[in-house]
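Structure first, commentary second.
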Amino acid sequence: MSALQAQSPFLRSFMKGSVFSLLLIIVFALWAYMRGAAYEESVLSSLPSIVIPVSHSEETISGHHVAETHPVAGTTDTDHMEAAHHDEAPEHGEAAGHHQDVHTDVTIYDEGLVEESQFGLLPQKDVTNGNTPFRQYKRNFILPAGQHKFRLVLGPLGFSEEFATKIAHGLPQDVTILISPYSDHADALMRLFKESGHEVWLQLPAETHDEYTMDAGSLALRASYARNKNLSLYKRVMGRTTGYVGLFINHADNSTLSFSSARMEELQTDIYQRGLGLAYFADKAMTDIEKISTEHNGQTRLVSYQFDTIFPMAKESWMKLMSDGRDISMLYKPYPNDISMLSEWLQTLPEQGYTLTPLSAK
């Protein structure tokens, strides 16, 4: 008998014992698993429960609408991106609810003095009665005998509504307001100043020769732009809001634009055909602008001085100008702390021989 045969009974017994032991281990493991799960469930059920409330909040936008930007005929996609780059303010498209802001009790424009366009509502003459935006929205004014005009234009404004409210209700109604087309809330500003009785103009940006220090922004008319593009930008500016007396060009005597050129004459003619006024800042009256205005029975206003210092410093310059006893027209960009001081000082104008006068007054 070989050694392997002699060990066979032992091996057979060992194998049987191993199988039996393995079965016992499996059974024990299953029992332990089931008991452990039950124990865990028992422990969890005995623990105190804690409820954490979760609330869902929705952020709503009220006061100003957001509309789609419509493609403009005669311009490229690059033009649209360029015009929208400076600020992401809502465009006034046909599909948008126009002028839906907080002061819903005030009408900021006359239905007969606007036309629908892809740029929003654009000003126009009322063909039924010959009325114009200039005539409809300007402040009525009679200069007292023996007084000089003191035209004060504040802006261009694109401030917070809190600051705009301070201006609207803290300054006399004959202070003229200039709104920037780059304002995110041009409609709200227009409504606020209409509500407070002020005369409002809208800035028409234009490129200047020193563009690096006086960048007029992506809505600015530029000498390098084709006729269609400048006309497109001009209409985009007008469509930012409505109800204004006219358009205002800053630094007109330093602009790269030639106001006597055919394309600029076409644009100026369109302003007057729509019944708008055209105001501009320059050291003296510009022959080209005045000539085209006269040919089309337009309304132009010259603003000869500009200040952006704090009021105490600006006041010193104003007092020197007033010592000459001549009419004064100025553009002033105030600081928040200036409003109360400016309001008090304006009350002293009559005793100095001046009367606060809206820009539209001839």
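The values are calculated or read from the model by the stated rules, or taken from the named source; none is laboratory data. Owing to the predicted nature of the structure, the values given are computational and were not obtained by experimental measurement. Cβ atoms come from the backbone with ideal geometry, glycine included; neighbour counts cover every protein chain shown. Keep in mind that these areas ignore ligands, DNA and RNA; they rest on the heavy atoms of the full protein, side chains included. Shrake-Rupley method; radii C 1.70, N 1.55, O 1.52, S 1.80 Å.
Residues that are of a type in the set (A, V, I, L, M), at pLDDT 95 or above and touching a Gly at 6+ places or on another chain (Cβ under 7 Å) are absent from the range 317-326. Among the residues making up the range 334-347, those that are at pLDDT below 95 and open to solvent by 50 Å² or more (accessible area, probe 1.4 Å) are Tyr335, Pro336, Asn337.
Among the residues of the range 314-348, what is the count of those that are part of a helix (DSSP H, G or I) and touching a residue at least 40 places away in the same chain (Cβ under 8 Å)? Total satisfying the criteria: 7. In the range 186-198, how many residues are out of contact with any Lys or Arg (no Cβ under 9 Å at 6 or more places or on another chain), farther than 20 Å from Leu278 by Cα and either surrounded by fewer than 22 Cβ atoms within 10 Å (Cβ to Cβ) or of a type in the set (A, V, I, L, M) (or both)? Looking only at that region, the number is 5.
Filtered by the rule that a residue be touching a residue at least 24 places away in the same chain (Cβ under 8 Å), open to solvent by 10 Å² or more (accessible area, probe 1.4 Å) and not hydroxyl-bearing (Ser, Thr, Tyr), the range 160-170 gives Glu161, Phe163, Lys166, His169, Gly170.
If you go through the range 199-217 one residue at a time, how many are open to solvent by 10 Å² or more (accessible area, probe 1.4 Å) and assigned to a loop (DSSP other than H, G, I, E, B)? The total comes to 9. Can you find a residue in the range 291-303 that is modelled with pLDDT of 95 or more, outside any helix (DSSP H, G or I) and surrounded by fewer than 16 Cβ atoms within 10 Å (Cβ to Cβ)? Scanning the range 291-303 turns up at least one residue that is modelled with pLDDT of 95 or more, outside any helix (DSSP H, G or I) and surrounded by fewer than 16 Cβ atoms within 10 Å (Cβ to Cβ).
Any residue in the range 263-280 that's assigned to a strand (DSSP E or B): show its pairings with residues that are modelled with pLDDT of 95 or more and among the polar types (S, T, N, Q) at Cβ separation under 6 Å, as long as the two are six or more apart or on different chains. Partner pairs satisfying both residue conditions: Gly277/Gln299; Leu278/Thr300. When Asn228, Asn250 are screened for being within 23 Å of Leu302 (Cα to Cα) and either open to solvent by 10 Å² or more (accessible area, probe 1.4 Å) or of a type in the set (Ser, Thr, Tyr) (or both), only Asn250 passes.
With the structure loaded, tell me whether Met264 is buried (at least 21 other Cβ atoms within 10 Å of the Cβ) and in contact with a Pro (Cβ under 7 Å, 6 or more places away or on another chain) or whether it fails that test. Spelling it out, it is not the case that Met264 is buried (at least 21 other Cβ atoms within 10 Å of the Cβ) and in contact with a Pro (Cβ under 7 Å, 6 or more places away or on another chain). Among residues of the range 349-362 that are assigned to a helix (DSSP H, G or I), those with a Cβ under 9 angstrom from a residue that is open to solvent by less than 10 Å² (accessible area, probe 1.4 Å), sequence gap 6+ or separate chain, pair up as Gln352/Phe150.
Just so you know, in the range 304-313 the residues that are outside any helix (DSSP H, G or I) and in contact (Cβ under 8 Å) with a residue 12 or more places away in the chain include one that is farthest from Asn250 (Cα to Cα), and it is Ile310.
If the Cβ limit is 6 Å and pairs must be 6+ apart or interchain, which residue in the range 172-185 that is surrounded by 23 or more Cβ atoms within 10 Å (Cβ to Cβ) and among the hydroxyl-bearing types (Ser, Thr, Tyr) pairs with which residue that is modelled with pLDDT of 95 or more and assigned to a loop (DSSP other than H, G, I, E, B)? Qualifying pairs under 6 Å: Thr176/Glu199; Thr176/Pro358; Thr176/Leu359. All of (1) closer than 28 Å to Arg274 by Cα; (2) modelled with pLDDT under 95 hold for Ala206 with one exception: (2).
Candidates are the residues of the range 304-333 that are among the hydrophobic types (A, V, I, L, M, F, W, C), in contact with a helix residue (DSSP H, G or I) (Cβ under 9 Å, 6 or more places away or on another chain) and surrounded by 13 or more Cβ atoms within 10 Å (Cβ to Cβ); the one that is farthest from Phe150 (Cα to Cα) is Ile310.
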